[in-house]
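Novice: Before anything else, here's the structure in question.
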Amino acid sequence: MATDRFAQPIVALATPYAAGALAVIRTSGAGAVEMVDALFSPRGRLAAAGGYTVHHGRLVQPTTDSGGKPGTGVAAGDEVLDEVLATVFRAPHSYTGEDSVEISCHGSPAGIDRILAALCAAGFRPADPGEFTLRAFLAGKIDLTRAEAVQEIVSAQTREAHAMALQRLSGAVEERINDVKGRLVSLLAAIDIQLDYPEEDTGEIVVPPESVREVEELLRSLLAGWRTGRIYQEGVRVAIAGRTNAGKSSLFNALLRQDRAIVSAIAGTTRDYLEAPISLSGVPARIFDTAGFRDTIEEIESEGIRRSGEILDSADLVVWVVDASTGNADTVAGDADAAAEALVIERLRAEGRLVGAWNKVDLGAGGTPPPDFLPVSVKTGAGMDELLQALARTVLPESLAWTGEPVIDSLRQKELLERALQALGHVREGLAEQVPVDTIALDMEEAVRALGEITGEVTSDDVLDAMFRGFCVGK
Ligand SMILES: Nc1nc2c(ncn2[C@@H]2O[C@H](COP(=O)(O)OP(=O)(O)O)[C@@H](O)[C@H]2O)c(=O)[nH]1
Ligand SMILES: [Mg+2]
């Protein structure tokens, strides 16, 4: 990541490249305001503007010499690109810490293309993915936990996931890390004094093991939140499986509350699989309606069934639907398919991935459902709330539910927390074995270093490259 790249002002579309009421084009860098001003009419307006001011005008591609004098309007022959609002930010009071102009223009891809082309011809470079946020980090406006949260906010799929990412953006994780780091640094300072003035050594323990344990506790609770953060951010895969005609597509539709899958009384209507996003108590879930288990010679359906098997294998949770009026698979004696089904159900149960739906209880011939199967009627809605609760509990056990405490979502942060905890473990062992205090200081320094990497106090180009490559352009 060559630093001179950052000398050049950048431009990017920050909103989707699609027809819409408005689009926002973002620019940043030394000279950005003057460069946009050169394409703005009335000319000179932006260049003279202070920060946090909004200006109405036209973006023009000057084809004649319109003089460049302050106040000059559109000259004859100038090509008007769009009527816009330009918001001026002055360094250091901008997202990136640099001079910056945000252009709100009309949301027309054709118009956006013309404006971007004009800005690039005027000297802007198209921004790399995440480059605005990278510049904000390099300018010291935000730490790395907040930079990561920027992208996490964009990709959050549910209200809860969004709230967690917003909490990280506001610096909740950064504060926790800095708090812990501060405590370790003061312990290190005490060690230094002891090393510098050994004659004043009173034999007192300069690093009380309780303080190390307290710090470990704080880090461990943050680390424990990682699985919660992951589940809310990444979401889960829920497959609906079972025999043909059991009511899988009906359940899929009920979960979606719209008639998307084709429901029919003719066996084998779902030939492939359907996929849709839903929220299970705030956990984003993708549900898959699969083709049923049934002997078939039909080519397309066999392919559908093969793919359904793959979906079943990769699902975090499988809702196994049984038509209660015909009973569970293993009640059908001498049926080879039924034996295979029973094995699959057993495996899913053993893996904790099974929630059974004992469907069509409205028909009245259900009998007692087997363990892990809940009586439901997709048709009447009976038992559906209980089924939904069981799904939510299975994807998110109570121990992982969000309590409002800051949670982390980043694997990078998780690994660094583990590194810090490992070093602190060594510190505690060292204290117990009464190793020389300077050895203890080394482990403590390692913990401080790992925490510093989390916030980005210490970092490398490789880490930054890897992190920002995953960002969208314009962020
Ligand atoms: N009586 C009753 N019929 C249902 C219920 N759920 C689904 N069905 C019917 O069962 C048939 C097969 O449903 P479908 O969802 O296509 O099953 P799939 O093959 O498993 O996807 C359709 O005629 C549905 O209307 C239910 O709870 N009660
Ligand atoms: Mg179906």
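The values are calculated or read from the model by the stated rules, or taken from the named source; none is laboratory data. A quick note: this is a predicted structure, and the numbers were derived from the prediction, not measured. No Cβ is skipped: glycine too gets one built from the backbone with ideal geometry, and neighbour counts run over all protein chains shown.
Per-residue answers, yes or no, for (1) within 16 Å of ligand 1 (Cβ to nearest atom); (2) assigned by TED's automatic domain parsing to the domain that holds T290; (3) at pLDDT 90 or above:
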| residue | (1), (2), (3) |
| --- | --- |
| T202 | no, no, no |
| V206 | no, no, no |
| S211 | no, no, yes |
| L219 | no, no, yes |
| I240 | yes, yes, yes |
| A246 | yes, yes, yes |
| S250 | yes, yes, yes |
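Novice: Just to be sure before I move on: is E405 surrounded by fewer than 16 Cβ atoms within 10 Å (Cβ to Cβ), outside the structural domain of Q167 (by TED's automatic domain parsing) and touching a strand residue (DSSP E or B) at 6+ places or on another chain (Cβ under 8 Å) in the structure I sent? Lay out the reasoning, then the answer.
Specialist: Details: surrounded by fewer than 16 Cβ atoms within 10 Å (Cβ to Cβ): yes; outside the structural domain of Q167 (by TED's automatic domain parsing): yes; touching a strand residue (DSSP E or B) at 6+ places or on another chain (Cβ under 8 Å): no.
It is false that E405 is surrounded by fewer than 16 Cβ atoms within 10 Å (Cβ to Cβ), outside the structural domain of Q167 (by TED's automatic domain parsing) and touching a strand residue (DSSP E or B) at 6+ places or on another chain (Cβ under 8 Å).
Novice: Still on this model: Among the residues of the stretch 252-264, write down those that are more than 9 Å from ligand 2 (Cβ to nearest atom) and at pLDDT 85 or above.
Specialist: Result: N253, A254, L255, L256.
Novice: Right, here's the next one. Go through the stretch 27-41 residue by residue and tally those that are more than 34 Å from the chain's Cα centre (by Cα) and of a type in the set (V, I, T).
Specialist: Just the residues of the stretch 27-41 that are more than 34 Å from the chain's Cα centre (by Cα), to begin with: 34-35, 37-41.
Retained after the next criterion (residues that are of a type in the set (V, I, T)): none.
Of the residues in the stretch 27-41, 0 are more than 34 Å from the chain's Cα centre (by Cα) and of a type in the set (V, I, T).
Matching residues to (1) in the same structural domain as L451 (by TED's automatic domain parsing); (2) surrounded by fewer than 19 Cβ atoms within 10 Å (Cβ to Cβ):
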| residue | (1), (2) |
| --- | --- |
| A342 | no, yes |
| E346 | no, yes |
| A357 | no, no |
| D372 | no, yes |
| V378 | no, no |
| Q389 | no, yes |
| T394 | no, no |
| A420 | yes, no |
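Novice: Run down A76, A117 and say which single residue is over 14 Å from F40 (Cα atoms) and modelled with pLDDT of 95 or more. Spell out the reasoning first.
Specialist: Working: A76 fails: modelled with pLDDT of 95 or more.
Criteria check complete, one pass: A117.
Novice: Another question about this same structure. Report every pair of residues separated by at least 6 positions or lying on different chains whose Cβ atoms are under 7 Å apart, first residue within the stretch 424-443 and in a helix (DSSP H, G or I), second surrounded by fewer than 16 Cβ atoms within 10 Å (Cβ to Cβ) and at pLDDT below 95.
Specialist: From residues that are in a helix (DSSP H, G or I), the pairs are R428/P209; G430/T439; L431/P209; V437/L195; D438/L195.
Novice: Provide a single number: the residues in the stretch 112-125 that are over 31 Å from the mean Cα position of the chain (by Cα) and not hydrophobic (A, V, I, L, M, F, W, C).
Specialist: Of the residues in that region, 2 qualify.
Novice: Within the stretch 442-457, take every residue that is over 17 Å from S410 (Cα atoms) and of a type outside the set (D, E) and give me the one that is surrounded by the fewest Cβ atoms within 10 Å (Cβ to Cβ).
Specialist: Looking at residues that are over 17 Å from S410 (Cα atoms) and of a type outside the set (D, E), I get L442.
Novice: Shifting gears a bit: Just to check your reading of the model, which residue among G268, G327, G304 is surrounded by 18 or more Cβ atoms within 10 Å (Cβ to Cβ), outside any strand (DSSP E or B), in the same structural domain as M384 (by TED's automatic domain parsing) and at pLDDT below 90?
Specialist: Values: G268 fails: surrounded by 18 or more Cβ atoms within 10 Å (Cβ to Cβ); G327 fails: surrounded by 18 or more Cβ atoms within 10 Å (Cβ to Cβ).
One residue alone meets the criteria, G304.
Novice: Considering the stretch 34-51 alone, what residues qualify as being outside any helix (DSSP H, G or I) and either free of Cβ contacts under 8 Å to residues at least 40 places away in the same chain or more than 14 Å from E102 (Cβ to Cβ) (or both)? Can you show your working first?
Specialist: Here is the first cut: in the stretch 34-51, the residues outside any helix (DSSP H, G or I) are 38-51.
Result: A38, L39, S41, P42, R43, G44, R45, A47, A48, A49, G50.
Novice: Whether any residue in the stretch 331-349 is of a type in the set (K, R), under 16 Å from A239 (Cβ atoms) and either at pLDDT 85 or above or touching a strand residue (DSSP E or B) at 6+ places or on another chain (Cβ under 6 Å) (or both) is what I want to check. Break it down stepwise before answering.
Specialist: Pass one, the stretch 331-349, residues of a type in the set (K, R): 347, 349.
So of that shortlist, the ones also under 16 Å from A239 (Cβ atoms) come out as 347, 349.
Of the ones still in play, those that are also either at pLDDT 85 or above or touching a strand residue (DSSP E or B) at 6+ places or on another chain (Cβ under 6 Å) (or both) are 347, 349.
Yes, the conditions are met somewhere in the stretch 331-349.
Novice: Of (1) more than 26 Å from G229 (Cα to Cα); (2) touching a His at 6+ places or on another chain (Cβ under 8 Å); (3) part of a helix (DSSP H, G or I); (4) not basic (K, R), I153 satisfies all except one. Which?
Specialist: Only one criterion in (1) more than 26 Å from G229 (Cα to Cα); (2) touching a His at 6+ places or on another chain (Cβ under 8 Å); (3) part of a helix (DSSP H, G or I); (4) not basic (K, R) is unmet by I153, namely (1).
Novice: Exactly one condition in (1) under 17 Å from G57 (Cβ atoms); (2) at pLDDT 95 or above is false for A110; which is it?
Specialist: (1)
Novice: Which residues, taken from the stretch 387-421, are in contact (Cβ under 8 Å) with a residue 12 or more places away in the chain and part of a loop (DSSP other than H, G, I, E, B)?
Specialist: If the condition is that a residue be in contact (Cβ under 8 Å) with a residue 12 or more places away in the chain and part of a loop (DSSP other than H, G, I, E, B), then L396, A401, W402, E405, P406, V407, I408, D409, S410 are the ones that fit.
Residues are listed down the side, and each one gets a yes or a no for (1) part of a loop (DSSP other than H, G, I, E, B); (2) out of contact with any strand residue (DSSP E or B) (no Cβ under 9 Å at 6 or more places or on another chain); (3) within 13 Å of A32 (Cα to Cα):
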residue: V54; (1), (2), (3): no, no, no
residue: V60; (1), (2), (3): no, no, no
residue: V80; (1), (2), (3): no, no, no
residue: V88; (1), (2), (3): no, no, yes
residue: G123; (1), (2), (3): yes, yes, yes
